[in-house]
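**Q** Could you have a look at this structure, given as structure tokens, before my questions?
The values are calculated or read from the model by the stated rules, or taken from the named source; none is laboratory data. These numbers come from a predicted model, not from an experiment. Every residue, glycine among them, receives a Cβ derived from its backbone with ideal geometry; neighbour counts consider all protein chains shown. Calculation scope for accessible area: heavy atoms of the full protein, side chains included, ligands and nucleic acids excluded. Shrake-Rupley method; radii C 1.70, N 1.55, O 1.52, S 1.80 Å.
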Amino acid sequence: MNSVLEELATEYTAALRDYLDGRGEIALQQAYDIGRKTLAKGLGVLDMATIQHRALVKCLLKARTPREGLQTLRAAKKFFVESLLPFEMSHRRIQEVNVALRESERRYRDLVENARDVIYTLSTDGTIRSLNPAFETLTGWSGADWLGQDFVRLIHPDDLPRATALFQAVLHGEAPPTFELRIRSVSGTFIPGEFVATSQTQGGRVVGVLGIARDITDRKRAEEALLHLNEALEAEVKRIAHALHDEAGQLLASVHIVLADLARELPPHASRRLQDVRGLLDKIEEQLRHLSHELRPTLLDDLGLGPALEFLADGASRRTGLLISVEGSPDRRLPAATETALYRIVQEVLTNVTKHAQATRVRIRFQRDGRLLRCSIRDDGVGFDVLAATTRRGSRGLGLIGIQERLNAVGGTLNILSAPGSGTELIITTPAEV
């Protein structure tokens, strides 16, 4: 079993055990998502069966009685059917099938009719060939009215250039695993959708596109709410930082004036003691200034992300002894929410490196790629097993969760590359424009 199947089998086994433990619809949703992920990776139903077989063997070994084993088999069957839902449309491409396969195709067609996501096929010129009933439920349009129509008529005007490029990418097998587009509803509003699409081939020739679209309105609302929450928190942090810098600074300045007046009235030996006190106050003022800058650096608001990160890296290097370099730059100002998210993410990563990585060097590198900005953060520390860490339940630390939530709020993505003894690299991709 190759590494991709190994990863999917581990995830599938954990989800099946959750289902056997009574998690119901939540676990079935996991099965469905694993099926979609398998399809997006270019694997087939036989690969899915291999994964199911491996997971089922592991679960049956835990059965204590024949009755419990039978219950496991029945539950696993339902779970397996749910995971196969994204694959059923591929069976429609087969023209020469035997009687058993035709019966299987009928069962899968029934599954499509009851699917919660929109399942569709397009011809190579972009016309719609099929739509399942979920299309009407989602958009309000009659699916029959759209058969033979160009799919671009359903897409938000601002998304058309990207939708056209993605359609061509799917036909050439170069599309990303998932992408987002806004779909027109019968009311005239647009519904945010997450898409998975793959090319359909026949006789070695591409004949169309098979896709699945899911309504992500609730997710978008949650991301917007999280963005507003982050903005509110940043505003409060900014207020506290300014209070530390301005109000506390003014109080310390007043204390300096009073001490200077006292020093003139005291004998020399007492005046020298006051001078020591003023030295301590200077250190307190410096610490407050650094704390204020780390809470919310004015550089971030005034000059942007690049200078703010250079200041952050310099401070972290002096405190920890790490050699931290910042290479490249965002070139121009980013949306305020994106700048804040990236600053906080780098701040969190540097904290994690200091605590856990046993590293000596950290490299932060920026690179523009069209409308996207890529930020790479790499250390030379001890590294870790990414697959084991991300599939083991309860193992993801609050730092990683916080990073992912901040990226979700600004439409970014996170990819982690690491191995024991080989350091760690986080690759962050965010939109570079509003």
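**Q** Whole number in Å², please: accessible area per residue of segment 30-91, 1.4 Å probe, ligands, DNA and RNA not counted.
**A** Value returned for segment 30-91: 51 Å² of accessible area per residue.
**Q** Then there is this: Taking segment 13-67, which trypsin sites (Lys or Arg not before Pro) meet the DSSP loop condition and have no more than 10 other C-beta atoms within 10 Å?
**A** Values: sites: R17, R23, R36, K37, K41, R54, K58, K62, R64, R67; in loops: R23, K41, K62, R64.
Sites meeting the loop and neighbour criteria: R64.
**Q** Taking loop as defined by DSSP and a crowding limit of 15 other beta carbons within 10 Å, which GluC sites (Glu not before Pro) in segment 158-198 fit?
**A** Taking segment 158-198 and a limit of 15 other Cβ atoms within 10 Å, the loop GluC sites (Glu not before Pro) found are E174.
**Q** Right, here's the next one. With a 1.4 Å probe and all protein chains left in place, how much of the accessible area of segment 315-369 comes from carbon and sulfur atoms, in whole percent?
**A** Answer for segment 315-369: carbon and sulfur cover 45 percent of the accessible area.
**Q** Pop out the carbon and sulfur fraction of the accessible area of segment 117-191 as a percent, whole number, probe 1.4 Å.
**A** Result for segment 117-191: 54 percent of the exposed heavy-atom area is carbon or sulfur.
**Q** So, one more: Among residues other than L28 whose Cβ falls under 11 Å from its Cβ, what is the net charge (Lys/Arg +1, Asp/Glu -1)?
**A** Once positives and negatives cancel, what remains is -1.
**Q** With r as the distance between the Cβ atoms of Q275 and Q168 and R0 = 60 Å, compute the FRET efficiency 1/(1 + (r/R0)^6) and round to 0.05.
**A** 0.20
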